[in-house]
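Working notes for the structure below.
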Amino acid sequence: MRIVGGTHRGLTLAEVGAGDAAAHLRPTSDRVREALFNMLTQGKWGDLVQGQRVLDLFAGTGALGLEALSRGASTVTLVDDGAAARALIRTNIEKLRAMGTTRLYRRNATDLGPNRGPAFGLIFLDPPYGMGLGAKALTSALTNDWIAPAATLVWEENAPQLAPQGFETLDQRRYGETWITLLRAPHPSSV
């Protein structure tokens, strides 16, 4: 697993290894990450990464958030409640020397609590597949002011996801077992 584009292109990230089965670590493959970031940076919506504050929920290894940082995001906040995942994320943050532009929170992504800072313009949701946790995390993030108006959300699951009320589906693509659903959060006038 490596960073596939941007200023840290080619940097090898920490290996998941045998890991902890209970941690549900399932990193997004390099191929899927490359296709996703091509869509986010060169798609019909322009560059959705450059200068964004990024929130990576169910961060796992941190690969999605750190890829965004490599491609021009201003800051990345990574959220995971697993000890194995947080250890991998810390290692990967150190490999990128990104301590000043990242934050790592030990939180349950489905129960984030209130956001005490500015909202995020790009959010990654990569929950354990098939458990309904993505919808719960999205509800928690929205009701607790983590999501900026008109933010872009990238939801990775093993099935296509329906846009929650008020959200707009921008794109949906399948890569093997993985479905990527790209959403736009409600604009202030539509809330």
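Laboratory data are not the source of any read-out in this text; all were calculated from the coordinates shown. Given the structure is predicted, the values throughout are model-derived calculations rather than measurements. Cβ placement follows ideal geometry from the backbone for every residue including glycine, while neighbour counts extend to all protein chains displayed.
So the values come out like this:
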{"read-out": "For the stretch 1-158: rounded, prolate or oblate by the Cα gyration tensor [a/c cutoff 1.5]", "value": "rounded"}
{"read-out": "Residue-span extension gain [residue 47 to residue 111] - 0.36 nm each, minus C-alpha spacing", "value": "20.0 nm"}
{"read-out": "Label-zone membership for the stretch 173-187, site residue 29, 7 angstrom Cα→C-beta point, backbone N under 16 Å", "value": "173-180"}
{"read-out": "Note, ³J(HN,Hα) from phi for the stretch 94-101, Karplus 6.51, -1.76, 1.60, rounded to Hz, x at Gly and Pro", "value": "5, 4, 7, 6, 10, 4, x, 10"}
{"read-out": "Whole-angstrom gap from the stretch 135-162 to the stretch 98-123, using each part's C-alpha centre", "value": "13 Å"}
{"read-out": "Packing rank of 62-75, 135-148, 3-16, where each peptide gets the mean count of other beta carbons within 10 Å, highest leading", "value": "62-75, 135-148, 3-16"}
{"read-out": "Distant-in-sequence amide H partners of residue 150 (H built 1.01 Å from N, under 5 Å)", "value": "185, 187"}
